[in-house]
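> There's a structure below that I have some questions on.
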Amino acid sequence: MKRRSVLVGSGLAMTAPLLTSTPAEARPARLTNLAHLDFLRDTVTVGGTELGVLWTYAEPNPDGTYRRIGGGSYDPATDTYGQGAFNSDDIARAAVVYLRHWRQTGSASSRAASHDLLRGLTYFQTTTGPNAGNMILWMQPGGTLNPSADPPDAPDPSDSGPSYWLARTVWALGEAYAVWRTADRAFAQFLRQRLDLAIAALDRQVLRRYGTWQTVDGRRTPAWLIVDGADATAEAVLGLAAYVEAGGGEPARRALRQFAEGIAALSDGDARTWPFGAVRPWALSLSDWHAWASQMPAALARASKVLGDARLAGPAVTDAATFTPWLLTSGGPDNGRLPARIDRSQIAYGVDSRLQSLLAVAATTGRDGFRLVAGVLAAWYFGANAAGVAAYDPATGRTVDGIAGDGTVNHNAGAESTIHGLLSMLALDADPQVAALARQGHIADRVGSTTVEAEQSTVAGGATVVTPPSAWTGESQYSNGSYVQLVDHSSVRFSLPSFDQPQLVLPIVLLQPGSATVTRWSSANRVLGTVQHGRIGPQGTSPAPGTLLPVTLDGELPAGRTDLVATASGGAAVLDAVLLEPLVSRYVIDGGGHATVLLRSAARTAQTVTVAVPGSGPAVLETYDDTGIRRRRDTASGSTVRALVLPGGFTVVRR
């Protein structure tokens with residue numbers, strides 16, 4: 001459901017494959033188990049027609065079984081929930097699971113399940129009037145639609161405008177048409193009619209603004225994304241790409257191109273500057289990135305392939321080659337980098353979105369290094385997470401509802417987590433070599449970002465610690481709930497850990513138009529750089545004035561330095577925290593007698609580093625540039641190896 005609280009010049013050149021296919025007889029047992037998703041399925045009869053639906057949540061009973069529940073407060077007298085028992089958001093994505101399983105295995109039961117769920121999904125669609133094509137989100141246990149839920153959705157009523165659930169319906173119907181068109185022409189034609197109705201709604205409500213740009217903190221930002229989100233739009237693009245590839249008409253092709261152009265426009269940053277090459281998910285914030293629904297690279301890769309436009313793949317490649325290695329070495333696919341690691345919870349929806357993106361970019365470009373990174377990322381499901389336990393159980397098909405940053409596991413197994421866990425397992429079953437990497441489910445080492453809170457510094461000269469009533473600004477969030485208010489001639493002094501390599505220094509500050517304040521940053525009386533706190537454009541359509549952003553200083557903190565001082569001049573300023581980034585970060589996983597090391601570079605020049613690799617036997621070192629092209633392959637022996645890491649690129653070491 002809705003969440004928000006908050007190719008390069010070488011084109012699509014293929015590189016030599018690094019991972020070879022596994023003979024059928026050597027393939028391991030399948031990971032995909034649909035048992036729990038089948039348990040969540042149900043049927044309702046409306047007007048004499050039986051519709052497939054899906055319960056929203058599942059909670060564990062004391063005996064280890066699970067019970068199905070809906071969303072919102074339950075009224076036993078009326079057998080209704082404040083929201084509902086079933087929702088179109090999850091039904092759409094569950095249909096995608098069964099469609100992909102049917103296509104991958106030929107399963108007759110998955111074919112039938114996809115049919116029933118798609119019938120149920122289309123019942124949520126409004127077919128006439130000013131909201132034709134839009135989707136209602138909630139349904140009660142008896143089959144009654146609930147357009148206005150408690151708590152309310154946005155939009156309210158839920159079919160009164162474009163929405164995440166409309167985008168996900170387009171995803172499901174697009175993939176469904178592509179599969180069903182050769183299996184049942186009559187049903188495929190029905191799906192096509194409903195998909196065309198949804199596309200017409202998007203054209204009428206969203207794409208009428210195509211080519212119109214809005215200003216967000218001085219940045220030119222596309223105004224034609226679904227709910228102003230590249231995240232929601234990306235999921236619609238997945239369906240549009242499947243539909244166009246299967247023969248969808250000109251309106252679908254046009255929508256695919258226009259939406260993809262809007263997503264690509266949110267590519268931002270590089271290896272040294274926020275958001276480190278990511279495609280931002282929310283058009284209205286320069287500070288917000290979240291892992292859930294982050295299939296923007298997957299959408300761009302698919303659109304690039306279907307439309308034959310290599311330019312669309314460029315931002316996807318940067319996200320995969322530059323941003324994702326940073327993400328993994330800095331803590332993993334969090335629910336909220338806003339811009340600090342505010343919400344360190346990690347859920348299957350976020351992990352799967354990143355996994356699908358890496359695999360889609362690899363498939364479009366032929367650059368197998370992205371498959372290696374995908375295997376490292378997917379190890380989350382098998383224990384490479386904050387809890388150190390498996391998040392997915394192949395014996396039951398259940399995926400936990402999330403793992404908090406402190407390792408607390410949410411043992412609920414609702415529809416969304418189940419769906420995205422299974423989408424990941426289907427992808428791993430289709431690529432056993434990536435799956436083998438993923439089974440290294442133990443984090444052996446991680447050296448990456450360090451966040452130092454401003455309120456933990458020593459303040460002087462009138463600087464004060466402020467705890468606002470709400471840490472959420474409207475488009476970003478203060479780390480740890482507080483910040484330091486600097487005034488003219490005030491200062492803050494940080495006592496830092498001692499690092500064994502130089503660090504990028506990125507003060508996280510509130511940039512405000514018109515501010516004349518400059519902060520001067522130094523260590524051991526050596527100036528590292530300055531931050532101009534007024535270096536931001538007009539607010540425009542941003543939900544809040546100013547924006548909270550990491551600003552990379554020109555100079556690097558030398559290895560071994562533990563002091564950092566900021567002095568303000570020219571007025572007041574807000575300092576939230578300092579982000580420190582090593583020139584070469586690393587993430588190491590191991591298990592089953594194997595280990596994989598991912599190295600990521602923020603350096604301007606090539607770096608050679610010594611890294612410990614668990615296990616025994618020879619190690620294979622593969623060095624990739626900042627576009628994911630392999631530039632070098634070596635082998636080495638010994639418990640430590642010397643590895644080359646290219647500027648902005650990544651290196652994978654396997655033993």
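The values are calculated or read from the model by the stated rules, or taken from the named source; none is laboratory data. Please read these numbers as outputs of a predicted model, since none were measured by experiment. Cβ coordinates were reconstructed from backbone atoms using ideal geometry, including for glycine residues, and neighbour counts include every protein chain displayed. Quick note on the areas: whole protein, heavy atoms, side chains included, nothing else; ligands and nucleic acids left out. Shrake-Rupley method; radii C 1.70, N 1.55, O 1.52, S 1.80 Å.
> For the stretch 610-655, what are the residues that are farther than 20 Å from residue 438 by Cα and hydrophobic (A, V, I, L, M, F, W, C)?
Once the filter is applied, which keeps residues that are farther than 20 Å from residue 438 by Cα and hydrophobic (A, V, I, L, M, F, W, C), the stretch 610-655 yields 611, 629, 636, 641, 643, 644, 645, 646.
> Okay, next question. What pairs come out if I take residues in the stretch 564-578 that are more than 11 Å from residue 493 (Cα to Cα) and pair them with residues that are among the charged types (D, E, K, R) and part of a strand (DSSP E or B) whose C-beta lies under 6 Å away, six or more apart or interchain?
577/453
> For residue 295, are the conditions met, namely being over 19 Å from residue 267 (Cα atoms), modelled with pLDDT of 95 or more and surrounded by 24 or more Cβ atoms within 10 Å (Cβ to Cβ)?
no
> For residues in the stretch 25-63 being open to solvent by 30 Å² or more (accessible area, probe 1.4 Å) and in contact with a His (Cβ under 9 Å, 6 or more places away or on another chain), which is farthest from residue 96 (Cα to Cα)?
60
> Using the structure shown, decide if residue 138 is surrounded by 21 or more Cβ atoms within 10 Å (Cβ to Cβ), closer than 25 Å to residue 83 by Cα and among the aromatic types (Phe, Trp, Tyr).
yes
> Now a separate question. Does at least one position in the stretch 299-318 carry a residue that is under 19 Å from residue 385 (Cα atoms), at pLDDT 95 or above and crowded, with 24+ Cβ neighbours inside 10 Å? Before the answer, list the steps.
The initial filter retains those residues of the stretch 299-318 that are under 19 Å from residue 385 (Cα atoms), namely none.
No, because not a single residue in the stretch 299-318 is under 19 Å from residue 385 (Cα atoms), at pLDDT 95 or above and crowded, with 24+ Cβ neighbours inside 10 Å.
> From the set of residues in the stretch 486-517 that are open to solvent by 50 Å² or more (accessible area, probe 1.4 Å) and over 17 Å from residue 450 (Cα atoms), which is nearest to the chain's Cα centre (by Cα)?
So the residue we want is 512.
> Sticking with this structure for a sec: Determine if the stretch 391-405 includes at least one residue that is part of a helix (DSSP H, G or I) and either over 22 Å from residue 597 (Cα atoms) or touching a Gly at 6+ places or on another chain (Cβ under 7 Å) (or both).
No, because not a single residue in the stretch 391-405 is part of a helix (DSSP H, G or I) and either over 22 Å from residue 597 (Cα atoms) or touching a Gly at 6+ places or on another chain (Cβ under 7 Å) (or both).
> A further question follows. Give the stretch 337-347 a look and list any residue that's more than 17 Å from residue 482 (Cα to Cα) and assigned to a strand (DSSP E or B), or say none. So that I can check it myself, show each step before the final result.
Pass one, the stretch 337-347, residues more than 17 Å from residue 482 (Cα to Cα): 344-347.
Listed by number, the list holds a single entry, 346.
> Mind listing whichever residues of the stretch 599-631 are in contact with a strand residue (DSSP E or B) (Cβ under 9 Å, 6 or more places away or on another chain) and closer than 14 Å to residue 372 by Cβ?
599, 600, 619, 620, 621, 622, 623, 624, 628, 630
> Within the stretch 220-237, does at least one residue satisfy the condition of being under 13 Å from residue 255 (Cβ atoms) and either open to solvent by 50 Å² or more (accessible area, probe 1.4 Å) or modelled with pLDDT under 95 (or both)?
No, there is no match, as no residue in the stretch 220-237 is under 13 Å from residue 255 (Cβ atoms) and either open to solvent by 50 Å² or more (accessible area, probe 1.4 Å) or modelled with pLDDT under 95 (or both).
> Looking at the stretch 263-281, which of its residues are outside any loop (DSSP other than H, G, I, E, B) and either surrounded by fewer than 24 Cβ atoms within 10 Å (Cβ to Cβ) or at pLDDT below 95 (or both)? Walk me through it before giving the result.
Residues of the stretch 263-281 outside any loop (DSSP other than H, G, I, E, B): 263-264, 267, 270, 273, 279.
The answer is 264, 267, 270, 273.
> Can you name the residue in the stretch 587-602 that is out of contact with any Phe, Trp or Tyr (no Cβ under 9 Å at 6 or more places or on another chain) and open to solvent by 10 Å² or more (accessible area, probe 1.4 Å) and is also farthest from residue 653 (Cα to Cα) among such residues?
Filtering first and then ranking leaves 592.
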